[in-house]
Amino acid sequence: MSSTVMKKSMYWFALPALIFYLTFWIFPILRLFQYSITDYNGYAQAYNYIGFDNYKELFRSDILGISLKNTLIYTFVTVIAGNIIGLAMALLLNMKIRGTGIYRSLAYIPTLFSAIVVGFLWSYVYMPDYGLISSFLDKLGIANELNFLGDYSTALYSIIFVEIWKTIGTTMIIFLAGLQTVPSDLLEAGRIDGCGSWRLLRHVKIPLLATAITINVTLSLINGLKAFDFPFIMTNGGPGTATNTLIYTIYKMAFTEQLFGKASALGVISFAVIIVITAVFVLKMNKREVSA
């Protein structure tokens, strides 16, 4: 068989994947743009094209600003706190201490559970009066009126903590893999030159962890911007709009309020926001990675 025929036959092997990609990715995105300029309610066969009315209504209302604000707070805290804690755990578990393998396994265990399991578990932990935290404080004789998920000021941050708790194992493992590629002779040379632990971390380890940092920041960024699971499972977007994220608001608007066209417009806006923020972060991280 000639090389030309072999090259042509290879395209046929790629065809099923291409069909799958077009059917379940490209086509739905195009339909999303189409529905965003209609009054489609999600089930009726007939709908009207209304131009950019959905977009105008979204920009006039408070729901877009609230959802975007909550999502950005969720993302910012998850990226910063999650990566700092993950790096600290990786540095600790990279030391030569007894039982390191057990500690690494324990730190990674939360990642193995589904979001539903984790959400229900922490809903019980946060439960006022009879929850784990409240019961523990009662045992200590400390009176409390804590309602982590029912208080407007604490609900979002309580969910963010759960997100970090669940994903910290993955972050730690990636940092740990990066730390184990740092040449020991380079660290030894730094110690001989009089570098302490902090200077070694700042000037040797962190620059060599540029790739791991890029991966973890990107993953944390994407997880934060598409946050849906825990607001849905633990608070149902409440109290009020305290935990309404962009993706949760799209779901609520489409499947609860039957405003599918408006939800599609919000989906287009969210898509643009996520693409822009992710692209800016990735480009900046890649530049720092190259310079490092």
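The values are calculated or read from the model by the stated rules, or taken from the named source; none is laboratory data. What you see is a predicted model, and the numbers here were worked out from it, not measured in a lab. All Cβ positions, even for glycine, are placed from backbone atoms using ideal geometry, and neighbour counts span all protein chains on display. Ligands, DNA and RNA are stripped out before the accessible areas are found, and what is left, the full protein with its side chains, is counted by its heavy atoms. Shrake-Rupley method; radii C 1.70, N 1.55, O 1.52, S 1.80 Å.
At 1.4 Å probe size, with no ligands or nucleic acids counted, give the accessible surface of TYR55 in Å², nearest ten. Result for TYR55: roughly 30 Å² accessible. Ranked by the mean number of other Cβ atoms within 10 Å of their residues, highest first, the peptides 135-141, 146-152 come out as 146-152, 135-141. Here the accessible area is traced with a 1.4 Å probe on the protein chains. For the chain, carbon and sulfur cover 68 percent of it. A simple rule links phi to the HN-Hα coupling: the Karplus curve 6.51 cos²θ - 1.76 cosθ + 1.60 with θ = phi - 60°, which for region 73-87 gives 5, 4, 5, 4, 5, 4, 5, 5, 5, x, 6, 5, 5, x, 5 Hz, with x for Gly and Pro. Close amide H contacts of THR38 (hydrogens built in the peptide plane, cut-off under 5 Å, sequence separation of 5 or more or a different chain): ILE50. With helices as the sole contributors, the chain gives -22000 deg cm²/dmol at 222 nm; each DSSP H run of n ≥ 4 counts as -39500 (n - 2.57), and the sum is divided by every residue. Once ligands and nucleic acids are excluded and a 1.4 Å probe is used, how much of LYS69 is accessible, expressed in Å² to the nearest 10? My reading of the accessible area for LYS69 is about 130 Å². In this label model, LYS139 and ALA17 are separated by 5.3 nm, measuring between points 7 Å along each Cα→Cβ vector.
Structure remark: mean-square fluctuation, Gaussian network model of the chain, C-alpha springs under 10 Å; the largest value among PRO110, PRO16, PRO231 belongs to PRO16. Full extension of the segment from LEU112 to VAL182, taken as 0.36 nm per residue of separation minus the current Cα-Cα distance, would add 22.4 nm. With θ taken as phi - 60° and the Karplus curve 6.51 cos²θ - 1.76 cosθ + 1.60 applied, the whole-hertz 3J(HN,Hα) list for region 260-276 is 5, x, 5, 5, 5, 5, 5, x, 5, 4, 4, 4, 5, 4, 5, 4, 5 Hz, x standing for glycine and proline. Placing a pseudo-label 7 Å from each Cα along the Cα-to-Cβ vector at LEU132 and ALA81 gives an inter-label distance of 1.7 nm.
Given their separation in residues at 0.36 nm each and the Cα-Cα distance between them, TYR103 and ILE50 gain 13.3 nm when the chain is fully extended.
When you count the other C-beta atoms within 10 angstrom of each residue and take the mean per peptide, 35-42, 263-270 line up highest first as 263-270, 35-42. Backbone geometry of region 214-225 corresponds, through the Karplus equation with coefficients 6.51, -1.76 and 1.60 at θ = phi - 60°, to 3J(HN,Hα) couplings of 4, 4, 5, 5, 5, 5, 5, 5, 5, 4, x, 5 Hz, x marking Gly and Pro. Checking the Cα-Cα distances for LYS226/LYS284; LYS8/LYS284; LYS139/LYS226; LYS166/LYS205; LYS166/LYS284; LYS69/LYS96 against a 32 Å cut-off, the pairs over it are LYS8/LYS284; LYS139/LYS226; LYS69/LYS96. Exposed loop sites here are GluC sites (Glu not before Pro) assigned a DSSP state other than H, G, I, E or B and surrounded by at most 14 other beta carbons within 10 Å; excluding them, the longest clear run of the chain is 1-144. Residues in the chain average 61 Å² of solvent-accessible surface per residue, probe 1.4 Å, ligands and nucleic acids excluded.
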